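A.B. asks: Following this message is one structure expressed as structure tokens.
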Amino acid sequence: GQQVMQIPQYQHVQEGEDFTTYCNSSTTLSNIQWYKQRPGGHPVFLIQLVKSGEVKKQKRLTFQFGEAKKNSSLHITATQTTDVGTYFCAVTQGGSEKLVFGKGTKLTVNP
Amino acid sequence: EAGVAQSPRYKIIEKRQSVAFWCNPISGHATLYWYQQILGQGPKLLIQFQNNGVVDDSQLPKDRFSAERLKGVDSTLKIQPAKLEDSAVYLCASSLVGSYNSPLHFGNGTRLTVT
């Protein structure tokens, strides 16, 4: 079935350091969405990427979709304590409407 | 706009008992999803409705789980009988159209503990 690998599983950084999480698939993806889940909260939509090589920015967050549409990354510049949470990628493949979530990367930030 | 409403927030039951969760999606959202999130894992899709029709229920354990979406609005998810491994957060989400084109809006979830 459709699977997506997300790495790393955990990341601990000092406040002000950068952070990157990667989402990888063995098959071509139709689109990819990124979500953030704060501790005790529910996933909140961040961005959707559809086009090959697409790059989108939201303040300190940069999202990239690979040229082959098989991988994606989320990069946070100069992390803040408010960035704490688990970041999930979620993908659709082929003609399927099914959105499959990765296992997430849990980010902790030391002030 | 009002968000996705779910109830109850918490539920504790004994194994072999039954339980039901309720979800009211964002007004006008055609697609409704039930996800199961076990601690430390990503959400796993149980069932997806488009209006009141089922789009995908391939990962729904149909021997014990059932879901319905009457009149294409509210939805209920039932577990009968519950097992220990059903302990998880059950998240309801809705989107304007299918997940290919629109983001999912999640409710706060129902945390189920089966003892």
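Computed from the coordinates by the stated procedures, all read-outs in this text should not be read as laboratory data. This is a predicted model, so every value here is computed, not measured. Cβ: placed from backbone, ideal geometry, glycine included. Neighbour counts: every protein chain shown.
A.B. asks: Of everything in segment A:1-14, what is out of contact with any Pro (no Cβ under 9 Å at 6 or more places or on another chain) and outside any loop (DSSP other than H, G, I, E, B)? Give them in sequence order.
C.D. replies: Answer for segment A:1-14, where residues must be out of contact with any Pro (no Cβ under 9 Å at 6 or more places or on another chain) and outside any loop (DSSP other than H, G, I, E, B): A:MET5, A:GLN6, A:ILE7, A:TYR10, A:GLN11, A:HIS12, A:VAL13.
A.B. asks: In the set B:LEU45, B:LEU77, which member is within 14 Å of chain A (Cβ to nearest Cβ), out of contact with any His (no Cβ under 6 Å at 6 or more places or on another chain), among the hydrophobic types (A, V, I, L, M, F, W, C) and surrounded by 14 or more Cβ atoms within 10 Å (Cβ to Cβ)?
C.D. replies: Going through B:LEU45, B:LEU77 in turn, the sole match is B:LEU45.
A.B. asks: A further question on this structure: Looking at segment B:99-115, which of the residues that are more than 7 Å from chain A (Cβ to nearest Cβ) and touching an Asp or Glu at 6+ places or on another chain (Cβ under 7 Å) is surrounded by the fewest Cβ atoms within 10 Å (Cβ to Cβ)?
C.D. replies: B:THR115
A.B. asks: Which residue pairs have Cβ atoms closer than 6 Å, lie 6 or more positions apart in sequence or on different chains, and pair a first residue in segment B:79-97 that is in contact (Cβ under 8 Å) with a residue 40 or more places away in the chain with a second residue that is in a strand (DSSP E or B) and aromatic (Phe, Trp, Tyr)?
C.D. replies: B:ILE79/B:PHE65; B:TYR90/B:PHE21; B:LEU91/B:TYR35; B:LEU91/B:PHE106; B:CYS92/B:TRP34; B:ALA93/B:TYR33; B:ALA93/B:PHE106
A.B. asks: Now a separate question. Among the strands (runs of 3 or more DSSP E) confined wholly to segment A:15-111, which include 2 or more residues that are within 10 Å of the chain's Cα centre (by Cα) and within 14 Å of chain B (Cβ to nearest Cβ)?
C.D. replies: A:19-24, A:31-37, A:44-49, A:85-92
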